[in-house]
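Okay, structure first, notes after.
The values are calculated or read from the model by the stated rules, or taken from the named source; none is laboratory data. Note that the structure is a prediction, hence the values are computed from the model and not measured. Glycine gets a Cβ as well: all are built from the backbone with ideal geometry, and neighbour counts include every protein chain shown.
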Amino acid sequence: MPIEETFARYSDLAFKTTIVVYGLVLVLLIWQYATARSRQVVERELVSVGGGVPPQAPGRIAESTRPPLSERLGNMAFSVLLVAIGLHIAAIVLRGFATQRFPLGNMYEFVTMATAAAVLVGLLFLRGSRYRAMWVFLLVPVLILLFLAGTVLYADAAPVVPALKSFWLPVHVTIVSVGSGVFLFAGVASVLFLYRLRQPDGQESSNIFGLVARRLPDARTLDRLAYKATIIGFPLFGAGVILGAIWAEAAWGRFWGWDPKETCSFIAWVLYAAYLHARATSGWRDTKAAWINIAGFVAMLFNLFIINIVISGLHSYAGLN
């Protein structure tokens, strides 16, 4: 068996294992919340009847010094998350060895890279136990995108079409994919910010989503996370658009031709520019700015799926059969 096929097989195995391990992290985080919720209910009931927290028996002193189950589950989830990220990166690297090129030649590879960037941004911003509930909401879209990449968008390891055989491929597409991953994180933070405004501290809620949301950081913190992430993603994506225009001039003899993908990328860039402007403008800093940020990410998703799959153009390199 050629060495490239071996690398391709191991890349696919690492990709599938990544999805399973991310799913395990999600289960552990949900379990952590459930146990923490049960502990809070028990302690509240004991206090309400005037009994307080029951004293520990002498034989259970050692047990009482152990961290609660919810904390242990959270620590376990974070450790497993690091394993999942390692597998995620390994799948990308092995794919590159299998194809003997930079692994960004089709939608499967693009989504794999963008989701890895989103999780790495999560590691950058979501440090500490107070942010662990946010990982649930970040991993859900990451898992959905990875599932779509491994099923609907999957393409066998193969050379790219001649139009993509350029040194601009790793430069332009890497910057755009990383910027897309950053915007994924920012979009999740803005969605949680809008919900958190409707779920203030101390308000009881009987639905599961409401119970989980109250373990999130406060609304202002979520808003700042979205803003900081967008500040990182905006220049990256802008640089990707500019570099794409330079590549277009070298490949097609013109910098800009209002191709559907170019047009949609420009619209997304304008929306994120509007978000940053609105975020600094009095009267637009709260919900209005957050909605603009979400609209920008919707434009990114439209550009990724609809433009690449449904609408034909010069950028139709989805790699789908």
Subject >> Tally, over region 108-136, of residues that are under 11 Å from the mean Cα position of the chain (by Cα) and among the hydroxyl-bearing types (S, T, Y) >> reply: 2
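Confirm whether A155 is touching a helix residue (DSSP H, G or I) at 6+ places or on another chain (Cβ under 9 Å), closer than 25 Å to E4 by Cα and touching a residue at least 24 places away in the same chain (Cβ under 8 Å). Break it down into steps so the answer makes sense when it comes.
Numbers: touching a helix residue (DSSP H, G or I) at 6+ places or on another chain (Cβ under 9 Å): yes; closer than 25 Å to E4 by Cα: yes; touching a residue at least 24 places away in the same chain (Cβ under 8 Å): yes.
Yes.
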Original post:
If V298 passes every condition in (1) surrounded by 15 or more Cβ atoms within 10 Å (Cβ to Cβ); (2) within 22 Å of the chain's Cα centre (by Cα) but one, which one does it miss?
Top reply: (1)
Original post:
Does region 146-155 contain at least one residue that is at pLDDT below 85, assigned to a loop (DSSP other than H, G, I, E, B) and of a type in the set (S, T, Y)?
Top reply: no
Original post:
Could you count how many residues in region 225-242 are more than 12 Å from F185 (Cα to Cα) and of a type outside the set (A, V, I, L, M)?
Top reply: 5
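Among the residues of region 108-129 satisfying the criterion of being of a type in the set (G, A, S) and in a helix (DSSP H, G or I), which is surrounded by the fewest Cβ atoms within 10 Å (Cβ to Cβ)? Lay out the reasoning, then the answer.
Residues of region 108-129 that are of a type in the set (G, A, S), as a first pass: 114, 116-118, 122, 128-129.
From the residues that got through so far, the ones that are in a helix (DSSP H, G or I) too are 114, 116-118, 122, 129.
Details: A114: 24, A116: 21, A117: 22, A118: 25, G122: 25, S129: 12.
For region 108-129, the residue satisfying everything is S129.
Matching residues to (1) at pLDDT 95 or above; (2) within 28 Å of T221 (Cα to Cα):
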site	(1), (2)
P68	no, yes
N75	no, yes
I85	yes, yes
L94	yes, no
T99	no, no
M113	yes, yes
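Restricting attention to region 7-32, which residues are among the aliphatic types (A, V, I, L, M) and over 15 Å from F147 (Cα atoms)?
First, pick out the residues of region 7-32 that are among the aliphatic types (A, V, I, L, M): 8, 13-14, 19-21, 24-30.
Answer for region 7-32, where residues must be among the aliphatic types (A, V, I, L, M) and over 15 Å from F147 (Cα atoms): A8, V25, V27, L28, L29, I30.
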